[in-house]
Amino acid sequence: MRKWYLVAGFAIGYVLGAKAGRERYDQIADYARRVTGNDRVQQVASSVRSQAGKAANAAQDKIKGTKFGDIIENFTTSADEPPKAQPWDSAGVTTPVRSDRALREDSAGF
C-alpha cells in the first residue's frame, strides 16, 4: 500500500510541476540559490556541522569498548579498504560496489 502512496505522490508532483512550467522552476531554483548563498545561512550551516561532529565524537567515545562499539569499529575499518578489482572492471562495465556482508545477506535470503 505504501508503494501506491509513493507513486501517487510522484504523479501529483509531476503534474503540478508540469503545470507550473520551466519559468516557475527557474524562479524556485533562483530563490533556493539565493537562500543557500546567504552568509547568515552559511554561518548557521557551519555551526550545525561542527556541533554534529562534536555529537558524533561524543557518541563514539560513549560506545567504545561495548559490543556495539566493536561491531561499528569493525564495520568502519573494513569500509576504509579499497574495493577489490573484479574481472569486468577492465571491460569498462560499471557496477555498484557491494560489500561482502551485503553479498552474504543476499545469499542467506535477507
Revision key, fill the gap. Contact list, first residue from the range 61-76 and surrounded by 10 or more Cβ atoms within 10 Å (Cβ to Cβ), second anywhere and of a type outside the set (Lys, Arg) and modelled with pLDDT of 80 or more, beta-carbon distance below 6 Å, six or more apart or interchain, is Gly69/Ile63
Practice item. Go through (1) modelled with pLDDT under 90; (2) under 22 Å from the mean Cα position of the chain (by Cα) one by one and return the number of the condition Asp70 breaks. Key: (2)
**Study point:** Answer residue from the range 2-45, given it is under 22 Å from the mean Cα position of the chain (by Cα) and of a type in the set (D, E, K, R) and is modelled with the lowest pLDDT among those
**Key:** Arg2
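The values are calculated or read from the model by the stated rules, or taken from the named source; none is laboratory data. Treat the numbers as computed from the prediction; the structure is a model and nothing was measured. Positions of Cβ are backbone-derived with ideal geometry, glycine not excepted, and every protein chain shown enters the neighbour counts.
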